[in-house]
Structure formats: C-alpha cells, structure tokens
Amino acid sequence: MDIIQRTQGDTRILCPAGKITLGEGDQELSEAVCDALESGAHRIVINFEEVSYLDSSGVGELVSCYNAIKNGGGELRLCGLNDRISRVIAMTSLHSVFEVTETEAEALAGN
C-alpha cells in the first residue's frame, strides 16, 4: 500500500491507496500516523478515497491510531469513505467515535 502524505496548515493529510487488511496496509497506516505525530502534527485527516477494502484488522488499526492521536492531544478525522467502508464503521459503532466527513475539504474545515 502507498500512502501519500501532505500538510495543509496545521493538518497532516494521509491518503492511503489499496487495502487496509491484516498484513497489507495496516502497519503502513500505523507508521504514517506515528511519523505525523513525531513531526508535531496534532490534526490528522485520513482520506479513504483510494482505499478499496478495510477488514477487522484495519478497523483495529484505525482504533489504535485514534488512541495514539487522542493520547497525544490531537484530533483525527476520516473522509472519502466508500459505501462498504462506511457500513463497516457503522456496524462497529465507530461512527460515534470517529469524526467522518464526505470530503477532504469538509474534514479540513471542521473545528
């Protein structure tokens, strides 16, 4: 999995592409979030527009990333979820934990 990273203002934007599953993408996402936190980013947006699949391991990794960001005093937003990933987030009741927006612009605009 490739993750394009960029910064806009005080926000680090992570744009993974491919699958986030056990052994494929989960570790890369965790490393990208850790790198963002180590570089001083406190607001992180993960844009899922190019993510085709998320399994339970990927969900677990998202929760771990969320906890790391929150414990560091930061904020995580998700955007660009396809229908399948949206259903996974809703079925696991994580829609009440994660701040989810449809677009990256909405994620960046949120306060």
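The values are calculated or read from the model by the stated rules, or taken from the named source; none is laboratory data. Remember, predicted model here, so these are calculated numbers, not experimental data. Positions of Cβ are generated from backbone atoms using ideal geometry, with glycine treated the same way; all protein chains shown enter the neighbour counts.
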Taking into account only those residues within the stretch 13-23 that are of a type outside the set (G, A, S) and in contact with a Phe, Trp or Tyr (Cβ under 9 Å, 6 or more places away or on another chain), which is surrounded by the most Cβ atoms within 10 Å (Cβ to Cβ)? I20
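Rundown of residues vs (1) without any contact (Cβ under 8 Å) to a residue 60 or more places away in the chain; (2) outside any helix (DSSP H, G or I); (3) of a type in the set (G, A, S); (4) in contact with a Phe, Trp or Tyr (Cβ under 9 Å, 6 or more places away or on another chain), yes/no style:
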| position | (1), (2), (3), (4) |
| --- | --- |
| C34 | yes, no, no, no |
| L37 | yes, no, no, no |
| G40 | yes, yes, yes, no |
| V51 | yes, yes, no, no |
| S64 | yes, no, yes, no |
| L78 | yes, yes, no, yes |
| R87 | yes, no, no, no |
| A90 | yes, no, yes, no |
Scan the stretch 66-76 for residues that are at pLDDT 90 or above, over 18 Å from S93 (Cβ atoms) and outside any helix (DSSP H, G or I) and jot them down. G73, G74, E75
Residue under evaluation G80, criteria (1) on the phi > 0 side of the Ramachandran plot; (2) surrounded by fewer than 15 Cβ atoms within 10 Å (Cβ to Cβ); (3) within 15 Å of the chain's Cα centre (by Cα), criterion not met: (2)
